[in-house]
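One structure below.
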Number of protein chains: 6
Amino acid sequence: MLAPHTDDVELGCGGTIARFVEEGESQIFVAVFSTAGDSVPKGFPKTALRDEFYDAMRILGVKKSGLSVYDYAVRKLSYSRQDVLEQLVKLGRSVKPDVVFLPSSQDLHQDHQTLYNEGLRAFKETTMWGYELPWNTITFPTRGFITLEERHLERKWKALQAYKTQFAMNRPYFSLDYIRAIAMVRGVQVKSKYAEAFDVIREKW
Amino acid sequence: MLAPHTDDVELGCGGTIARFVEEGESQIFVAVFSTAGDSVPKGFPKTALRDEFYDAMRILGVKKSGLSVYDYAVRKLSYSRQDVLEQLVKLGRSVKPDVVFLPSSQDLHQDHQTLYNEGLRAFKETTMWGYELPWNTITFPTRGFITLEERHLERKWKALQAYKTQFAMNRPYFSLDYIRAIAMVRGVQVKSKYAEAFDVIREKW
Amino acid sequence: MLAPHTDDVELGCGGTIARFVEEGESQIFVAVFSTAGDSVPKGFPKTALRDEFYDAMRILGVKKSGLSVYDYAVRKLSYSRQDVLEQLVKLGRSVKPDVVFLPSSQDLHQDHQTLYNEGLRAFKETTMWGYELPWNTITFPTRGFITLEERHLERKWKALQAYKTQFAMNRPYFSLDYIRAIAMVRGVQVKSKYAEAFDVIREKW
Amino acid sequence: MLAPHTDDVELGCGGTIARFVEEGESQIFVAVFSTAGDSVPKGFPKTALRDEFYDAMRILGVKKSGLSVYDYAVRKLSYSRQDVLEQLVKLGRSVKPDVVFLPSSQDLHQDHQTLYNEGLRAFKETTMWGYELPWNTITFPTRGFITLEERHLERKWKALQAYKTQFAMNRPYFSLDYIRAIAMVRGVQVKSKYAEAFDVIREKW
Amino acid sequence: MLAPHTDDVELGCGGTIARFVEEGESQIFVAVFSTAGDSVPKGFPKTALRDEFYDAMRILGVKKSGLSVYDYAVRKLSYSRQDVLEQLVKLGRSVKPDVVFLPSSQDLHQDHQTLYNEGLRAFKETTMWGYELPWNTITFPTRGFITLEERHLERKWKALQAYKTQFAMNRPYFSLDYIRAIAMVRGVQVKSKYAEAFDVIREKW
Amino acid sequence: MLAPHTDDVELGCGGTIARFVEEGESQIFVAVFSTAGDSVPKGFPKTALRDEFYDAMRILGVKKSGLSVYDYAVRKLSYSRQDVLEQLVKLGRSVKPDVVFLPSSQDLHQDHQTLYNEGLRAFKETTMWGYELPWNTITFPTRGFITLEERHLERKWKALQAYKTQFAMNRPYFSLDYIRAIAMVRGVQVKSKYAEAFDVIREKW
């Protein structure tokens, strides 16, 4: 799972991680490319986002050995695209993932676009699914769905609560109401109570 | 506002109608193309959907004189496409709408597609917005947004409650939870508490 | 697996069927919508295509109880689209498939388009993959891949040889060279020797 | 209104500005990102384009207080994309625009693409329309139209005549014939004598 | 050249025909599918459109032996799609065209869509270009261009003047101003004074 | 013909070059942007790729005076995009090409994307065709085809054999089997034994 910043993976596929862990999947790797030191709200230490990320992942049940955190400058990932690509290729060689979750092809955020573009290059022969962050998209092709139960949503919400910095910034999508809303809308599309939706980039069986 | 069946307009843009009525817009026209006599659940009269539609529209505040109900066979609108088009052209000549709301370009339902295709032909020189029904789409271009307040959602929900036939069929999207969920997800995209999203087909100023 | 005509499924995903059967999947259902009585070359009985289809399926290892053959008029499926849809809905209710293979969204053939459109409606809450028939497409989104071994190709080729009517018509894609060529081109895209490629329409986990 | 270079806004939506001014809209802001000092033809001062821009805007009726001119290097805006974005965010905070006009999603020019991409990020919660410059596009989605009268075209043409540097370079689209031609073609699409067409990126009511 | 109705080919590629004839191309075939007897304005004979078509083609320099006129009902071509396809296949076999001009993939008119869809099936192994009629499109991919001189435009205009029925209906695009306007806009895209633009569907060398 | 690296043009349109040379076309220009000094396998000199390129071109019959080799850093062309563009504009002015072959709009490789983007800007008023390299694409619009004979394929294969470095790296597409496979698949689409397929970006007659 590739995250431009801490919290992207939790918001986009936290329920999926919770379900995978529950189903016994112990080989989950999450890489974060920027801890956005510059964007931490006043009163928090520079390392706040990194700490919150470790916390959130622990709550979701991802082993610490599966976590990688890189220190690229937030919002400027595009200036280091070849570096990012080489990092991804290295990661791919050591992890040999079966499925890669990354930002979607439709994500407008500059760092998300860079990670999508480079991820596509690094993992083009692997199954790749792009997660949904509606505030960053104009359109979103809901081709993939992972159905969820109430308990997966609850776990996702618990993990998100680790991000005290984001609550301090009043993000409207940092609320249980939003988490449940998006899961319900996506569930309705596939006759399930809840789901997370994905942009299926490639699928290899 | 063009609806293939009763309830499509309410589900897709009921909040918008509530807001328009509140803002004093008295010239609202709604045309329904099939009352789906064949799909009425057991124990309801054949005319149930038509009656429920009149009821729902009254609750939203649309004048009865603005309502047209045609009796095309449900799920078979495509076999009468030229008739539907001629009906739309006639309607357009008498109403001269400034904005036309119709099913979106992405809607998979056979009758919705017919109404979209013929609507496009009849109103190509007018502003046209396609409403969102997520259970009928794979992708949806959220180009247009109409922001809503709590009270518009409540009115939408009240109108939907007129459809007792649909509650009898246990449609998961016939619930206040769903109505609020989709409005919250779309609101998050444009920094509003709630919104309805639209596929902007054409816009003329 | 949905086929507008006999041989479409074999050409588009014969290797996949061979692999599924080998992996122990015994629940494979194949429905053909037209046996194209009118297109049978001179010297063959009207039922030739139906017989060849049963033969080909036996070679691939699909049980006869999983086969359905309907008698719609070839090239005119579009005139019966609502019938086809209702047939598909019925089929879906009895079979409850996990994955549906059908013609792709890009297929230009009139009957293939009808089956794609109606299949999409009938199975929109299920995993759906569209198979590739290059002579019928201008573009093709190779999102999905099923990797194959030499033995799956050989089985596919054996099944195709059942279609003596098609050899009589000199179709250039009824040759082992073509079967191997397309499998090699698609394999190269995902670092496998051979593969069949698919248009991933929907994927539900 | 966002312009990569002087003259882009005049060519793409000069008639629209003329109509807005006529209708009493006094809050028009135009930001130019490069005055292309390097591209000024021989015999003109380095500041020629900036002066011509002020002149053209005066003719259209835009107040000088609404004009911002930045000095990014022409054709190299992409190398400063994060700077441009931050500039746009700052601008957005001070101006709080209702509608943003910017280069279209289809514009091939490197600086136009940068301004489109960063504009999209800065104003994603606002109505955004992309203007049309046919020499820079392969396709163009004419979703939005602003109808114009003869007098708006004349005003547009007057404003363009301020660009003596461009006439010196014999640009074929710096002619009254072209201005009228594109307005007539776009008008025909919406039953108006003249119009300017736009790529509707987002629309919020 | 395939025309749903008389005048479509003249409007979409009349200049191209004029240029081809001038360059000595004597093998030009034009097929019209409906002479729209029902749409003839009052005071004209039922055969007016057919006569005008022969006239227009004579002016452009196309031999009468190259003209085919079929009598399908206007606006209802879709109900006869398989017939139209079979007609096209027959035509293709006798003419063996190198290039086929037909309505574009983006044309919204019901008869134009039918002719595009069936043409695509009949001629998929041939070069196919779709002509532009802006009043029928929302977007148009200007991939192909045929550059024109003043004299080709004049010839096109002379041919269009044969359509007295259309002048009687006050079509805004039946004017020299419009003919010149669209040719100038398309010319600007490829550094030519005038051009006609096309949707390149397939190109085979 | 524009190649990001040596061997791209040979793989994507080697058969086309062979056919053009055979038909007497003596004005063929090929520009390579990176000789990828860093990617040369052990045991080969740094200049290996450049030498192999000259060799391959000689085999195809392209005159040495038509070859240009630039030394941009492999995989980092994007960091020099304005330089690349200026190089292309200069090349365009000296060569005045009728047709430009370049990487396709769908190519995922970072250097190929840069060359496509800048090529589009430099040659937007010229015929441009993008060649196909399936390992770099998810989708590919096969709009253009150049049909080939066995002897063109053989010549292509001979030229590719000059690339000893690539054989050392075991590229699966460096084999006669692959060369023939892709040519056969593309040929099937246009009723020819063999063909190379192209993304038609622009076509000007």
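The values are calculated or read from the model by the stated rules, or taken from the named source; none is laboratory data. The model shown is predicted, which means the values in this text are computed figures rather than measured ones. Cβ placement follows ideal geometry from the backbone for every residue including glycine, while neighbour counts extend to all protein chains displayed. For the accessible areas, the whole protein counts, side chains as well, though only heavy atoms, and no ligand, DNA or RNA atoms are used. Shrake-Rupley method; radii C 1.70, N 1.55, O 1.52, S 1.80 Å.
Quick notes on this structure:
- Filter result for D:ASP8 (modelled with pLDDT of 85 or more and under 20 Å from D:LYS76 (Cα atoms)): yes
To keep it simple, each residue is scored yes or no on (1) open to solvent by 10 Å² or more (accessible area, probe 1.4 Å); (2) under 21 Å from E:THR139 (Cβ atoms); (3) more than 14 Å from chain D (Cβ to nearest Cβ).
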site	(1), (2), (3)
B:VAL74	yes, no, yes
B:SER78	yes, no, yes
B:LEU88	no, no, yes
B:LYS96	yes, no, no
B:LEU102	no, yes, yes
B:SER105	yes, yes, no
B:ASP111	no, no, yes
B:THR127	no, yes, no
B:TRP135	yes, no, yes
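- B:ILE59, sole failed condition from (1) within 23 Å of B:ILE201 (Cβ to Cβ); (2) modelled with pLDDT of 95 or more: (1)
- Residue count, segment B:79-110 (criterion: of a type in the set (Lys, Arg) and within 17 Å of the chain's Cα centre (by Cα)): 0
- Looking across segment E:183-198 at every residue that is open to solvent by less than 10 Å² (accessible area, probe 1.4 Å) and facing another protein chain (nearest Cβ under 9 Å), the one that is nearest to F:VAL200 (Cα to Cα) is identified as E:PHE198.
- Candidate set: segment D:1-59, residues that are assigned to a loop (DSSP other than H, G, I, E, B) and open to solvent by less than 20 Å² (accessible area, probe 1.4 Å); chosen: the one farthest from D:VAL69 (Cα to Cα): D:ILE28
- Taking the conditions (1) buried (at least 19 other Cβ atoms within 10 Å of the Cβ); (2) more than 21 Å from E:ASP55 (Cβ to Cβ); (3) within 14 Å of chain D (Cβ to nearest Cβ) in turn, E:ARG202 satisfies each one other than (3).
- Filter result (in a helix (DSSP H, G or I) and over 15 Å from the mean Cα position of the chain (by Cα)) within segment F:111-152: F:ASN117, F:GLU118, F:LEU120, F:ARG121, F:ALA122, F:GLU150, F:ARG151, F:HIS152
- Meets criteria (within 26 Å of B:THR147 (Cβ to Cβ) and in contact with an Asp or Glu (Cβ under 9 Å, 6 or more places away or on another chain)) for D:VAL200: yes
- For beta carbons closer than 6 Å, sequence separation of 6+ or different chains, a first residue in segment F:66-91 that is touching a residue at least 60 places away in the same chain (Cβ under 8 Å) and a second that is in a loop (DSSP other than H, G, I, E, B) and surrounded by 15 or more Cβ atoms within 10 Å (Cβ to Cβ), the qualifying pairs are F:VAL74/F:ALA36.
- Matching residues in segment E:143-159 - criterion: being open to solvent by less than 80 Å² (accessible area, probe 1.4 Å) and either in contact with a strand residue (DSSP E or B) (Cβ under 9 Å, 6 or more places away or on another chain) or over 24 Å from E:MET128 (Cβ atoms) (or both): E:ARG143, E:GLY144, E:PHE145, E:ILE146, E:THR147, E:LEU148, E:GLU150, E:HIS152, E:LEU153, E:LYS156, E:TRP157
- Test: D:ALA122 is of a type in the set (Gly, Ala, Ser) and either within 8 Å of chain E (Cβ to nearest Cβ) or under 29 Å from F:PHE123 (Cβ atoms) (or both): no
- Taking the listed residues C:GLU132, C:GLU154, C:GLU149, the one that is acidic (Asp, Glu) and within 27 Å of E:ILE201 (Cβ to Cβ) is C:GLU132, with no other qualifying.
- With respect to the conditions (1) more than 14 Å from chain F (Cβ to nearest Cβ); (2) under 30 Å from D:ASN117 (Cα atoms), A:LYS64 lacks only one, and its number is (2).
- Among the residues examined, D:ARG93 qualifies as basic (Lys, Arg) and within 23 Å of B:GLY187 (Cα to Cα).
- Taking segment C:60-89 as the range and being over 30 Å from B:VAL74 (Cα atoms) and assigned to a loop (DSSP other than H, G, I, E, B) as the test, the residues that pass are C:GLY61, C:VAL62, C:LYS63.
- Checking the stated criteria, E:ARG180 turns out to be surrounded by fewer than 22 Cβ atoms within 10 Å (Cβ to Cβ), within 12 Å of chain D (Cβ to nearest Cβ), charged (D, E, K, R) and assigned to a helix (DSSP H, G or I).
- Test: residue in segment F:161-174 that is within 17 Å of the chain's Cα centre (by Cα), part of a strand (DSSP E or B), away from chain C (no Cβ under 11 Å) and surrounded by 22 or more Cβ atoms within 10 Å (Cβ to Cβ): no
- Contact annotation: residue pairs with Cβ atoms under 8 Å, 6 or more positions apart or on different chains, pairing a residue in segment F:21-49 that is in contact (Cβ under 8 Å) with a residue 40 or more places away in the chain with a partner that is open to solvent by 70 Å² or more (accessible area, probe 1.4 Å) and among the aliphatic types (A, V, I, L, M), are F:PRO41/F:MET169.
- Selection within segment D:89-111 - of a type outside the set (A, V, I, L, M, F, W, C), over 15 Å from D:VAL30 (Cα atoms) and touching a Ser or Thr at 6+ places or on another chain (Cβ under 9 Å): D:SER104, D:GLN106, D:ASP107, D:GLN110, D:ASP111
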